[in-house]
Amino acid sequence: MSKIFNIEEAFPRGLLRPELFIGVLSSVSAQAVQFNLKDAGSPSGAHFLGGRYGKGEVGEFVLIEGQINLLLGRVVEIHLPEAERRAVDVSHSKIVNLDAVGTIQLLGSVAMDTLRVTAGVESYPRLGDRIYAAPHNYVAYLPHLMEANNDASEKVFLNLGAIDVAQESTVSIRPEKLFGRHCAVLGATGGGKSWTTARIIEECLKHKSKLILLDATSEYRGLVNADVIHCHLGSPVNVAENSTSCSLPPTAFTESDFVALFEPAGKVQGPKMRAAIRSLRLVKLKPELATNGVLKRKGQPKAPVYEALRDEETYRKLDDPSQEFNVSKLAKQIEEECIYPDGKRRDPETRQMVTDPSIWGDESGDFSYCLSLVSRITAVIGSPAFECVFRSNNPSLANKIKEFIEGPAKLLRICLSGVAYEFNAREIIANVIGRHLLSLARNGEFKERPIVAIVDEAHNFLGRKVGLDDYATRLDSFEIIAKEGRKYGLNICLTTQRPRDITEGVLSQIGTLIVHRLTNDRDREVVERACGEIDRSASAFLPNLKPGEAAIIGADFPIPLTIQIFPPTARPKSDGPSYQKFWASE
């Protein structure tokens, strides 16, 4: 399909064809119009130029020939007046002069000269205006016709699906429209969102793209291509061919990550843990202060510590949340922090014990309040879920991402299925990866190499809050990317079966929604709130979409467009077990 629209080439005999005439208007209101259906008694539609047209079926796009311009609409209801209702029975083949009435939702206005489409109604039609079914190839052009300008030099288009089985109805979308304001693929289980995601990836791989896929379930392990790099964290059950086992060292974590991970509680644990982290940073910067990797305090002189803090560079790094430290020593350092601020010494003259501010004091008894925190730190560090963080010598994921950005590969798939949910491990690790990408974006790494981060099963990672009381931490890396990432060349594409679990702050930043079947009322309400262009008439179609069928809506698609997504070549491995195969008797 030619991406640059030419009226003469596309419609040499005109856009409004008499073969596609449906009926005439009989009622006009602000939001919808009603029409008398010409072939209401016909039991089937018609075929024209290789495509089938319902000529008045619910869901069909139509064109209204107004006095000033054309109007684009969609049939949302067909009914018979009460007097005609009994005229239809199961035995009829065709009933002449059946008085059927249809309702059309008005979607936008079509310019007579260029056929450009704009949302809203520029001029309302009049009674008696004629209505035609919209040609499939015209509906397929809608993503381009809704743009103000089309650049003839543009060569990158993604062929996602079709309006009809006819080849001329293929729908192609520019990456700027799909990803420019972020993208989300929504749908209930079995609706086809995994196929859509795989199709988007395959279309992007045809161009000089850069994609990073966070694969939560390992269902995209079948993407085998010379331009694809597979890596994984933990021990997935299903490992892709040539996948590299990677680590995510503690140096990639910030202080807020450790707060979320270890969940300090109460008025003692939080301050003591932060003090311990600060001390471990100091001994990392000044190893001469350390004794077996920790900063000994009980009864020790303060002068060496104060001397080290006089170094401005050292003092600045102590308050840097990303400054590394030896997290394996954290539990022991917390014990060292549970002391009185000043020590005591015996006065040689009075022989009495007096305060000595030059040394640290003895144990204060606060360590008893930190025992639960120490137990959790020990459990987390020893947990199999965090083996890739605390006990792995595998290549660093950060280095893998750097190699991908600088290399020729087009897709980096990061499999998270081997990371358990224990201690919120998967959510925290995904958040760390998201913040790393955001940090690279802020440093200008993606300005000339824009990256699209695809987050599978996003409801598991977004909008989460971890921790207790005053130390609860929001895992908001991808929310921040949604708010500011695109100006740095970092966009996200979320896939989820539970839109209601995605924060409205994220969905409000999504410019394009590819919505498969949604049966939950709350999920549909979230979609309606996220996109002001869709109303209840359009969302009423969402529960009835076929598997693989999706509605494309959003700020860049003011007119909702329903397409059948093309099957991907490498189909996601998301099928359940075969009971017929494994349960069948011998």
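The values are calculated or read from the model by the stated rules, or taken from the named source; none is laboratory data. Note that the coordinates shown come from a computational prediction; the quantities given were computed from them, not determined experimentally. Please note: Cβ atoms are built from the backbone with ideal geometry, for glycine as well, and neighbour counts cover all protein chains shown. In case anyone asks, the SASA skips ligands and DNA or RNA and just uses the protein heavy atoms, side chains included. Shrake-Rupley method; radii C 1.70, N 1.55, O 1.52, S 1.80 Å.
Quick look at the numbers
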| read-out | value |
| --- | --- |
| Where the Cα pairs of region 278-320 fall when distances are cut into 5 Å bins, in % | 5, 24, 36, 24, 9, 1 |
| Percent of C-alpha pairs per 10 Å bin, region 274-355, short to long | 17, 46, 24, 11, 3 |
| Label point distance in nm, T189-K447, each placed 7 Å from Cα along Cα→Cβ | 4.6 nm |
| Span-rule helices in the chain, defined as complete DSSP H runs reaching 18 Å or more along the axis (Cα) with Kyte mean at least -0.5 | 266-285, 425-442 |
| Links that overshoot a 18 Å alpha carbon limit, given the list K272/K332; K210/K447; K447/K487 | none |
| Highest-first arrangement of 449-455, 298-304, where packing means the average Cβ count within 10 Å | 449-455, 298-304 |
| Net charge contributed by nearby residues that have their C-beta within less than 15 Å of L494 (K/R +1, D/E -1) | -2 |
| Fraction of alpha-carbon pairs over 32 Å apart in the chain - percent | 57 percent |
| Size of region 340-431 as Cα extents on the principal axes (Å, biggest first) | 78, 30, 21 |
| Mean Cβ count within 10 Å, highest first, over the residues of peptides 405-416, 373-384, 135-146, 306-317 | 135-146, 405-416, 373-384, 306-317 |
| FRET efficiency estimate (nearest 0.05) - Cβ-Cβ, A570 to F11, R0 30 angstrom | 0.25 |
| Cα pair distances in region 417-569, grouped into 10 Å bins until the bin that holds the longest one, percent each | 10, 35, 33, 19, 2 |
| Accessible area (Å², 1.4 Å probe, nearest 10) - V237 | 140 Å² |
| The chain - mean residue ellipticity at 222 nm from DSSP helices (-39,500 (n - 2.57) per run, n ≥ 4, rounded to 500) | -7000 deg cm²/dmol |
| Base-10 log of normalised Debye intensity for region 153-256 (one unit scatterer per alpha-carbon) at q = 0.12, 0.16, 0.24, 0.25 Å⁻¹ | -0.56, -0.92, -1.39, -1.43 |
| Modelled FRET efficiency - R0 30 Å, D362 with E422, Cβ distances, 0.05 increments | 0.20 |
| Residue-count net charge about A482 - beta-carbon cut-off 14 Å; Lys, Arg +1, Asp, Glu -1 | +2 |
| Of A140, V237, A226, farthest towards positive along the dipole that unit charges on Lys, Arg, Asp, Glu beta carbons give region 130-289 | V237 |
| Burial ranking of peptide ranges 433-440, 456-463 (average Cβ count within 10 Å, highest at the top) | 456-463, 433-440 |
| Convex hull (Cα only) mean projected area of region 436-510, reported in nm² to one decimal | 5.4 nm² |
| Label-point separation, K483 to K296 (7 Å along Cα→Cβ), nm | 4.7 nm |
| Options S368, S439, T562, ranked by Cα towards positive dipole end of the chain, top entry (Cβ charges) | S368 |
| Estimated distance in nm for a label pair at E313 and D521, the labels positioned 7 Å out from Cα along Cα-to-Cβ | 6.4 nm |
